[in-house]
Amino acid sequence: QVQLVESGGGLVQAGGSLRLSCAASESIFRFNAMDWYRQAPGKQRDLVASITSGGSTVYADSVKGRFTISRDMAKNTVYLQMNSLKPDDTAVYYCRVVAPYKVYWGQGTQVTVSS
C-alpha cells in the first residue's frame, strides 16, 4: 500500500505562487506516472498535470505556461509549482500515482486563490 502525503496548499492572492509537494512512502522509480488532479466545489475531478516514468509531462490547457510538474527521485516526491494563480485555480488538489496494477490517491490539499 503506497501512502501519499501532500503539502503546500493554502490561501494566496491572485497572481501569487504556491508549490505543492506529494511525498510517497516508497520509491517512485516503479510508478508509471505521477499526476496532480484538482476538484472545485460542485465540479468533477480533473487532471492538472502528469509526469511519466520517462519524464514526459502533460498539462491541462488551463494551466499551461503557469504550472510546472517535477519530481525528486531521491526524495520520492513530486511537485507542482503554481505561478500566476487565478481565482479559478481554487480547488482541492490531489496527488495520484499509477503503479503497476493499481492507482493510489493522496488525501488532498486545499488551494484558495483570492481576487
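The residues packed around GLY65, meaning those with a beta-carbon under 14 Å from its beta-carbon, carry a net charge of +1 if Lys and Arg are +1 and Asp and Glu are -1. Taking the Cα centre of the chain as origin and assigning +1 to Lys and Arg Cβ atoms and -1 to Asp and Glu Cβ atoms, the resulting dipole is close to 80 debye. Taking amide hydrogens as placed 1.01 Å from N in the peptide plane, the amide H of PHE67 sits under 5 Å from those of ASN83, each at least 5 positions away in sequence or on another chain.
Shown in residue order for segment 30-46 are the 3J(HN,Hα) couplings computed by the Karplus curve 6.51 cos²θ - 1.76 cosθ + 1.60 at θ = phi - 60°: 8, 7, 6, 7, 10, 10, 10, 10, 9, 9, 8, x, x, 10, 6, 7, 10 Hz (x for Gly and Pro).
Which percent of the accessible area of segment 1-96 is formed by carbon and sulfur heavy atoms (probe 1.4 angstrom)? Before the final figure, lay out each step's value.
On the way: 2280 of 4860 Å².
With neighbouring chains kept in place, the figure for segment 1-96 is 47 percent.
The values are calculated or read from the model by the stated rules, or taken from the named source; none is laboratory data. Here the structure is a predicted model, which means the values were calculated and not measured. Glycine also receives a Cβ, built like all others from the backbone with ideal geometry; neighbour counts cover every protein chain displayed. Heavy atoms of the whole protein, side chains included, go into the accessibility calculation; ligands, DNA and RNA do not. Shrake-Rupley method; radii C 1.70, N 1.55, O 1.52, S 1.80 Å.
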